[in-house]
1. Arranged from highest to lowest average of other beta-carbon atoms within 10 Å per residue, in what order do the peptides 169-179, 191-201 appear?
2. Report, to the nearest 10°, how far helix 318-339 tilts away from the longest principal axis of the Cα atoms in the chain, using its own Cα long axis and a range of 0 to 90°.
3. Quick check: the distance between the Cα centres of segment 74-105 and segment 22-72, to the nearest angstrom?
4. Hey, of (1) 232; (2) 146; (3) 176, which did the structure itself give for volume of the Cα convex hull per residue in Å³ when calculated?
5. Mean residue ellipticity at 222 nm from the helices of the chain, using -39,500 (n - 2.57) per DSSP H segment of n ≥ 4 over the full residue count, to the nearest 500 deg cm²/dmol?
6. What share of the DSSP beta bridges in the chain is antiparallel, in percent to the nearest 5?
7. Segment 200-279 to segment 294-314: how many Å between their Cα centroids?
8. Counting only C-alpha contacts under 8 Å and six or more residues apart, can you give the relative contact order of the chain as a whole percent?
């Protein structure tokens, strides 16, 4: 075990030296700061002059968004079923790689206020099937987090695991800690594991073998994520089904068609030379992973999905779930605002298909749950009272596309989740899929909180509490032990 304590303040804005306008340090750039108030004034004047026509226009835009999301979702599901985009490396091939041919891999493990789970994390890291002289594992500890530091020391990590203390500074975020640690990294490849993660022991070997098989433009491999406490309660079941659809269907489909891939927050394998060349992670973005995936694609690099699973702890209580989900939504809003600052350039770098995919995966992800409650309320009012003003808001040319999305769109979401659960190996969770409308309400609550925080505290990283799981599933225990 090595204890590495540095007191220098990390350069949290170093990404700004590479791409100054791709940093979430400011919520809005100069053009957006001028454009948004002007847009609000125009909308306000239009509403005063012609309120019905203005509301109809916004209704039409929202309905158009639903239709686009519905059609694109069908396309991605079809693509995922017709051409699975995952790279598979079997155990035999992974173990066949000679140790001498394996590159050094740097593993960054951010841990903040995690004294209860840090020892378990260290044991999981020690079980990785990779030569220890080729592993550069760094557990990132905030220097004022004395409880976690002491717990990590008591766990007595093996010599290839380094405890790296991160100097105090702002913003206090996971990407800031990773940027600091990157300056001391020795690996040709870099990955991140969260402190509660239980990765496939062969995952690094699989990633190395996969890099030998892909095009040189592929500089990032995203492994699949799932949960080891999937069946703890209804919330963990919903999360597991959602992750199964996301990592077994949607991300492989995006990668296969050459669209931008929003990365997960862990188990992505990056070529360090590229990561350093593009300035590392955005320390001010609370979903630095999604931002990094978009930024890599804009700069001509590609991401593939690796068929290897890292198991995480699914948050199991409502309050903790809202904290986590609102941070994800806020980060997607940040990422959308940052990359939309220069639409023409974004179009040129992503191409028409990638441009549309970016807006429907990054922009629509928090926007749809934000506007859903409006349409739910209108539907409820019409069902209960048949208020005439609602009929006015939905002339036939808007009513039928809206009805299509309400009936078939919702069915498609449930169907995609059923497929994802089966493809992800969780057919017994199909009952939770049928209760998905409750989950959609929770998503809208989280999206509203995210919007509020985006305005008030855009760079605030709301901590997710870990260690609330009961007992991990037996098959994961076997994989880890």
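1. 191-201, 169-179
2. 80 degrees
3. When both Cα centres are located, 41 Å separates them.
4. (2)
5. -16500 deg cm²/dmol
6. 20 percent
7. Between the Cα centres of segment 200-279 and segment 294-314 lies a distance of 4 Å.
8. 23 percent
Read the figures in this text as sums done on the coordinates, not as results from a lab. Just so we're clear, the structure is a prediction, and the values are computed from it rather than from any experiment. Because the Cβ atoms are built from the backbone with ideal geometry, glycine has one as well, and the counts that use them run over all protein chains shown.
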